[in-house]
C-alpha cells in the first residue's frame, strides 16, 4: 500500500479509538523511535488513548527510553486498534499476540511478505522504519517536535550504521529532521554503543 492510502486508512480508523503500538522483541532505536512516533501520530489523529508496549529493549533503546520516558500502558487497557512498527506483523512483535482486536496497521522496511490481516505500508528500499514514519507524517501534515525528531534521527542513524548503509532517501530524511530541530549529538548517542566501554573490554580480553 502506498503511503497516501495508508494515511487515509489511519485517518478513518483511529479517531475516538483506544490504540496500542507494538514493535519487535529486543526493540532497537529505530523500532523504538518509530513506535514512539506512531503514538504521537495517533494522538494527533484523534485517538482516544494511545500507549506503546516497549518494555523489551536492547541497550541503546533503553537509553532512548530513559530520555523520552514514554507513558506506560495501564494493566486494564484494552486496545481496539493495533499499530506495529519495524516488523512484519503482530505475530512477530513483542506482546502483539495479546491483542484481540481485528484492526491492525503495519509500517515496516523489511522483506516479509504480506502481513496477515493487516493494513500495511512496507517499503523494503528504505533503510529504516523511521524514514517511512516521517513520510507518513508529511502526508498527514503532522510535524514532529524536536524531541521526536531527535528520536527518529537516532533510529535512522542506528539502522544505517551512521550513514554507512544510507540511501538518498535516508539522507534526505535525516536532513529534514535536523531542520525540524533534531539534535544530532543526542541522536548519535542513541545509535552508538559506548566506545570507551568497548575499548576497555577489548583490552581486558587482550590481557587474558
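Taken together, the values in this text are just the output of simple stated rules run on the coordinates, not laboratory data. Predicted model only: the values in this text are computed from it and were never measured. Reconstructed Cβ throughout: ideal geometry from the backbone, glycine too, with neighbour counts over all protein chains shown.
Taking only Cα atoms, what is the 0 to 90° angle, nearest 10, from helix 168-179's long axis to the longest principal axis of the chain?
The two axes meet at around 90 degrees.
How tilted is helix 129-140 with respect to the longest principal axis of the chain? Cα atoms for both, answer in degrees (0 to 90, nearest 10).
In the chain, helix 129-140 runs at an angle near 40 degrees to the longest axis.
Give me the angle, in degrees from 0 to 90, between the Cα long axis of helix 29-44 and the longest principal axis of the Cα atoms of the chain, rounded to the nearest 10.
Computed tilt is about 30 degrees.
Put a dot 7 Å past each Cα toward the Cβ at residue 9 and residue 102; how far apart are the dots in nm?
Taking the two extended label points, one gets 1.6 nm.
When the chain is treated as a GNM, springs tying every alpha-carbon pair under 10 Å, which of 92, 53, 36 comes out with the largest mean-square fluctuation?
Looking only at 92, 53, 36, the largest GNM fluctuation is found for 92.
How far apart, in nm, are the 7 Å Cα→Cβ label points at residue 49 and residue 188?
Result for the modelled spin labels: 4.1 nm.
Mark the label point 7 Å from the Cα of residue 125 along Cα→Cβ and return the residues of region 150-179 whose backbone N is within less than 18 Å of it.
Of the residues in region 150-179, 165-174 have backbone N under 18 Å from the label point off residue 125.
Under the rule a/c < 1.5 gives rounded, and otherwise a/b versus b/c splits prolate from oblate, where does region 1-50 land using the Cα gyration tensor? Before the final figure, lay out each step's value.
Numbers: a/c = 2.41, a/b = 1.42, b/c = 1.71.
Oblate is the answer for region 1-50, as a/c is 1.5 or above yet b/c matches or exceeds a/b.
Could you check which residue among 100, 127, 189 shows the biggest mean-square fluctuation in a GNM of the chain with a 10 Å Cα cutoff?
Evaluated over the chain, the most mobile residue of the options is 100.
Considering the convex hull of the alpha carbon atoms of region 53-171, report its projected area averaged over all viewing directions, in nm², one decimal. Each step should come with its number before you reach the end.
Working: hull surface 32.3 nm².
If you wrap the Cα atoms of region 53-171 in a convex hull and average its projections, you get 8.1 nm².
Select from 34, 59, 129 the residue whose mean-square fluctuation is largest in a Gaussian network model of the chain (Cα-Cα springs shorter than 10 Å).
59
With a ≥ b ≥ c the root eigenvalues of the C-alpha gyration tensor of region 57-112, is it rounded (a/c under 1.5), prolate (a/b larger than b/c) or oblate? Display every interim value, and only then the final one.
Numbers: a/c = 2.32, a/b = 1.17, b/c = 1.98.
In terms of gyration-tensor shape, oblate.
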